[in-house]
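Report on the following structure.
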Amino acid sequence: MFYYVAQQMIDAEDYLTVIDKKIGDGDHGTSMSLGFKEVQKELNAKQFDSINEVFHCVGMTLLDTMGGASGVLFGTVFISGIIGLEPLTEIDLSGMAGIFQRSLTALKKRGKAQIGDKTMVDAFEPAAVALQQAANQGLSLSEGLKRAAKQAETGKEYTKQCMAKFGRAKSFGQSVIGLEDAGAVSVWIIFRSMAAWMNDDTE
Ligand code: ADP
Ligand code: MG
């Protein structure tokens, strides 16, 4: 699944660059692509005994290779959800929802952004909430991921209305209205790709 997510992130490089150039320093596409190319290499090269190790590998690789604010934040998303968890060799929706709830808490603690600050949190929080709600309803992992992807999409669209409180975009003031946040778009691509992979709907 994460190998496919990585490929979709790599393929989105130019698209993300265009977005981040408008309201950031324009490096978001390059850093995500760089990080996820390395993720693919690591996933190919290593043997994994648990799902926890896969999450850890993805997060650590992003942290080590991307640099910048987003390296830490995207690294946090993958690493922090599995800290202290029993090793899992199988995962269902409730397991996945639990991991991403913990990631959300860690991401907000580290970055200090809340919904409405025009960051990746605007896409990640609704996706994590959707996963948990779907799990509470006893739905399947594939259905839960579909719903998370839909909410992440709505969240990244919502960033267009928001003023930025963080990063380079903050200094652009009112002129960022109408433009989406690059990190939120990346979060959407991640959930969309997980959902596509689970639902056998890959390109
Ligand atoms: P950098 O900011 O180091 O240039 P990127 O351009 O790769 O890193 O990523 C910028 C993205 O990181 C933004 O679009 C935003 O979604 C996210 N981001 C930046 N600061 C924060 C923060 N404090 N909390 C949450 N997300 C943030
Ligand atoms: Mg940037």
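The values are calculated or read from the model by the stated rules, or taken from the named source; none is laboratory data. A quick note: this is a predicted structure, and the numbers were derived from the prediction, not measured. In this analysis, Cβ positions are derived from the backbone assuming ideal geometry, glycine residues included, and neighbour counts consider all displayed protein chains.
At-a-glance table
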{"item": "Helices (runs of 4 or more DSSP H) wholly inside the stretch 35-116 containing at least 3 residues that are of a type in the set (Val, Ile, Thr)", "result": "51-66, 68-79"}
{"item": "The stretch 57-70: number of residues that are surrounded by fewer than 19 Cβ atoms within 10 Å (Cβ to Cβ) and near ligand 1 (Cβ under 10 Å from one of its atoms)", "result": "3"}
{"item": "Selection from the stretch 4-34 of residues that are more than 13 Å from Ile189 (Cα to Cα) and either in contact with a Leu (Cβ under 8 Å, 6 or more places away or on another chain) or of a type in the set (Ser, Thr, Tyr) (or both)", "result": "Thr17, Ile19, Lys22, Ile23, His28, Thr30, Ser31"}
{"item": "Test for Ser31: is it at pLDDT below 95, assigned to a helix (DSSP H, G or I) and touching a helix residue (DSSP H, G or I) at 6+ places or on another chain (Cβ under 9 Å)", "result": "no"}
{"item": "Residue selected from the stretch 174-203 under the condition over 17 Å from Leu16 (Cβ atoms) and assigned to a helix (DSSP H, G or I), by the criterion farthest from ligand 2 (Cβ to nearest atom)", "result": "Met198"}
{"item": "Matching residues in the stretch 14-46 - criterion: being surrounded by fewer than 18 Cβ atoms within 10 Å (Cβ to Cβ), among the acidic types (Asp, Glu) and under 17 Å from the mean Cα position of the chain (by Cα)", "result": "Glu38"}
{"item": "Test for Ala12: is it within 16 Å of ligand 2 (Cβ to nearest atom), on the phi < 0 side of the Ramachandran plot and modelled with pLDDT of 95 or more", "result": "yes"}
{"item": "Residue match in the stretch 117-128 (condition: surrounded by fewer than 20 Cβ atoms within 10 Å (Cβ to Cβ) and in contact (Cβ under 8 Å) with a residue 12 or more places away in the chain)", "result": "no"}
{"item": "Flag if Ala149 is touching an Asp or Glu at 6+ places or on another chain (Cβ under 6 Å), assigned to a helix (DSSP H, G or I) and under 21 Å from Met9 (Cα atoms)", "result": "no"}
{"item": "Residue that is more than 15 Å from ligand 1 (Cβ to nearest atom), buried (at least 22 other Cβ atoms within 10 Å of the Cβ) and closer than 22 Å to Asp27 by Cβ, where the choices are Ser193, Ser175", "result": "Ser193"}
{"item": "Evaluation of Lys146 against (1) within 16 Å of ligand 1 (Cβ to nearest atom); (2) modelled with pLDDT of 95 or more (one fails), failing number", "result": "(1)"}
